[in-house]
Amino acid sequence: MYFREFINFPLVFRNRTGRGLLQIPVNMAKAKCHRCEEKCGKSKVTPEELHRLEVGYKSFLRSDSKSLLRKYLTKDVFDKLKYKKTAFGSSLLDCVQSGFQNPDSNVGIYAADADSYVVFSDIFNPIIQDYHVGFKQTDNHPALDFGCVDKVGNVDPKGDYVISTRVRCGRSVEGYPFAPSISQSQLWELESKMMAVLSDLPGELKGTYYPLSGMTREVQQNLIDDHFLFKEGDRFLQSANACRFWPEGRGIYHNANKTFLVWVNEEDHLRIISLQKGGDLGATYKRFVMGVNEIEKKVRFMRHERLGYLTFCPTNLGTAIRASVHIKIPKLASNMNKLNEIAEKYHLQIRGTSGEHTEAQGGVYDISNKRRLGLTEYEVIQEMYHGIVELIKHERGS
Ligand code: ARG
């Protein structure tokens, strides 16, 4: 799937109040460029937008942010990109406002639309290269390869350390804009489309869809108790303008065994998740692959020839896979240098007990593969497998 093809779907224009929706085919919607007089999608931002961008950047520079955005958004890059707009009308501010407003971000940038990865490549590329450990702008993401699912083992066969295992991927559905530009009717349309697809899933994947809007307290509590419900009001997403019309069009699907989940219209159009108790990565991965393949029979996912599967956040590009364990490693937790050393060597990411932006409690961490781009699905799983096995070896003291 080539980049120019997938942007060729209706584009929704909003006025500042979010009302007055108007659908225009994207080719017509592209404004003429002030430099080349062609519809290249690089038309100039308005003086008001430019002012907001300059003010935001100034205060961002004064912050003590350690984000990748802070590292790579130099004055030169900023000055080069501040006038540009994508074919969807998104500016640099639309991509970086979350990072500006939340200086404690780790990354600090989202692609306001699929075109942003190209128009603002001078800032996305170095961040992508840093996050995905060396994926250069001349590199191409490999073709999809789930590998031999039966060859993946259990990371903790004795069940001493791993509490649960999870494999998920993000997917964007062709024909729909990313969260900051999707309209309310498109959210509803995408949700109904997914409800139809999910209600048709076979065998072990069979389950129920729970829409967020109009959800009863009881259903909500059950989903919270199972840790299935996604966070509402994530400040990073909110300031990226990604929670518009919440909770409309959002929902959660899970199978009867509660081992297969799909999130609809949270951060990405879709999050496809397989999970179970214990360390059987093989079984978790097998169910994950089955689920993704079943859904892909009915839905076309956005894929970029260089960046693989396209997602709202650049950390999820490529395979878009995050394979993680909840693991109890109190000994290593008291020797953070060692823990970080192993994590770095195996490209693991360490998160707190309740996931991203949380602290660890009782030596329990959420540990996953960090890079998702530049290697195949199977390699992602292998990398995470070997890293976790190594961590357990050290925790055990052998
Ligand atoms: N924007 C947030 C940050 O920079 C989240 C980044 C990765 N997580 C995600 N859910 N996309 O810290």
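Bear in mind that the values in this text are calculations on the coordinates, not laboratory data. These numbers were taken from a predicted model, which means no experiment stands behind them. No Cβ is skipped: glycine too gets one built from the backbone with ideal geometry, and neighbour counts run over all protein chains shown.
Numbers at a glance
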{"quantity": "Fewest-first ranking of Phe301, Phe230, Phe260, using other Cβ atoms within 10 Å as the exposure measure", "calculated": "Phe230, Phe301, Phe260"}
{"quantity": "Inter-part distance where the stretch 321-398 and the stretch 150-219 are each reduced to a Cα centre, Å", "calculated": "24"}
{"quantity": "Separation in nanometres of the label points that stand 7 Å from Cα toward Cβ, at Glu54 and Arg217", "calculated": "5.2"}
{"quantity": "Highest-MSF residue in the chain out of Gln361, Gln129, Gln97 [GNM, Cα springs under 10 Å]", "calculated": "Gln361"}
{"quantity": "Over the chain: helical MRE at 222 nm, DSSP H runs n ≥ 4 each giving -39500 (n - 2.57), nearest 500", "calculated": "-10000 deg cm²/dmol"}
{"quantity": "Nearest-0.05 FRET efficiency for Lys80 and Glu232, computed from C-beta distance (R0 30 Å)", "calculated": "0.20"}
{"quantity": "Computed magnitude of the charge dipole of the stretch 125-268 (debye, nearest 20; Cβ of K, R +1, Cβ of D, E -1)", "calculated": "80"}
{"quantity": "GluC sites (Glu not before Pro) restricted to DSSP loop in the stretch 325-398 with at most 11 other C-beta within 10 Å", "calculated": "Glu359"}
{"quantity": "Set of aspartates and glutamates with alpha-carbon distance to Lys71 below 15 Å, sequence-local pairs under 8 removed", "calculated": "Asp104, Asp122, Asp130"}
{"quantity": "Nearest-20 debye value, the chain charge dipole, Cβ charges on Lys, Arg, Asp, Glu", "calculated": "680"}
{"quantity": "Unsatisfied cross-links (Cα-Cα over 22 Å) in the set Lys338/Lys393; Lys258/Lys345; Lys206/Lys258; Lys258/Lys393; Lys82/Lys231", "calculated": "Lys258/Lys345; Lys258/Lys393; Lys82/Lys231"}
{"quantity": "Extension reserve of the Lys206-Gln361 stretch, reckoned as 0.36 nm per residue once the Cα distance is removed", "calculated": "52.4 nm"}
{"quantity": "Euclidean distance of C-alpha centroids, the stretch 225-285 and the stretch 45-87, integer Å", "calculated": "31"}
{"quantity": "Over the stretch 270-398, relative contact order from alpha-carbon pairs under 8 Å, at least 6 apart, %", "calculated": "23"}
{"quantity": "Principal axis dimensions, largest first and in whole angstrom, of the stretch 295-341 by Cα", "calculated": "47, 23, 14"}
{"quantity": "Likely footprinting exposure, Ile342, Ile163, Ile224, fewest C-beta neighbours within 10 Å first", "calculated": "Ile224, Ile163, Ile342"}
{"quantity": "The chain: angle of helix 184-198 to the longest principal axis, Cα-based, in degrees nearest 10", "calculated": "30"}
{"quantity": "Cα long-axis angle, helix 47-62 against the chain (0 to 90 degrees, to the nearest 10)", "calculated": "40"}
{"quantity": "Distance between modelled label sites at Glu390 and Asp139, nm, 7 Å Cα→Cβ extension", "calculated": "1.7"}
{"quantity": "Set Lys75/Lys370; Lys136/Lys370; Lys80/Lys370 screened for pairs whose C-alpha atoms are more than 21 Å apart", "calculated": "Lys75/Lys370; Lys80/Lys370"}
{"quantity": "Linear extension gain, Glu379 paired with Met195, 0.36 nm per residue minus alpha-carbon span", "calculated": "63.1 nm"}
{"quantity": "5 angstrom amide H check on Tyr210, placed H, neighbours 5+ away", "calculated": "Ile252, Tyr253, His254"}
{"quantity": "Sorted by Cβ density within 10 Å, fewest first, the residues Ser213, Ser368", "calculated": "Ser213, Ser368"}
